[in-house]
Amino acid sequence: MTPVTRQDVLGLYRKIFRIAKKWQSASGQIEETIKEKEYIKNEAKTLFRKNKNVMDPKLIKQCIEECEARIEIGLHYNIPYPRPIHLPPMGLAHKQGRMLRHQEKLRKISKPIYLKSHDEVS
């Protein structure tokens, strides 16, 4: 990892914890705010630890972009959780054989950048 990339990653990590420190839930309830703050901290720790050994510059860039996208979406909608995508479960192909594998590939490709790591961790 180059020094510039390392600084970017550490800056994102600090930014997430600053956001968590100032976070207010949309409902305004104290219990909900505490729960969301903990979620933000735990999600950041889990994902950063999971990706700490990544050395491929393209993969590092993709992880940084995902992090930035999740931050922006979370701040915009005031929801710390990733926004789900809504695709019909079997709306693209038949339920068997090669078409099913093709459908699974299309679903994986169509997943937004901010959800790439969500299914792996949750």
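Across the stretch 16-39, the number of residues qualifying as part of a loop (DSSP other than H, G, I, E, B) and open to solvent by 60 Å² or more (accessible area, probe 1.4 Å) comes to 4. Residue pairs whose Cβ atoms lie under 7 Å apart, sitting 6 or more positions apart in sequence or on different chains, and linking a residue in the stretch 53-81 that is at negative phi to a partner that is among the hydroxyl-bearing types (Ser, Thr, Tyr) and modelled with pLDDT under 90, are ILE60/THR5; GLU66/TYR114; GLU66/SER117; ALA69/TYR114; ARG70/TYR114; ILE73/TYR114. Number of residues in the stretch 26-76 that are of a type in the set (Gly, Ala, Ser) and under 16 Å from the mean Cα position of the chain (by Cα) equals 3. Each residue in the stretch 46-55 was checked for being open to solvent by 50 Å² or more (accessible area, probe 1.4 Å) and either β-branched (Val, Ile, Thr) or modelled with pLDDT of 95 or more (or both), and 1 pass.
The values are calculated or read from the model by the stated rules, or taken from the named source; none is laboratory data. What you see is a predicted model, and the numbers here were worked out from it, not measured in a lab. We place every Cβ from the backbone using ideal geometry, glycine too, and count neighbours over all the protein chains shown. Protein only, heavy atoms only, side chains kept; ligands, DNA and RNA dropped before computing areas. Shrake-Rupley method; radii C 1.70, N 1.55, O 1.52, S 1.80 Å.
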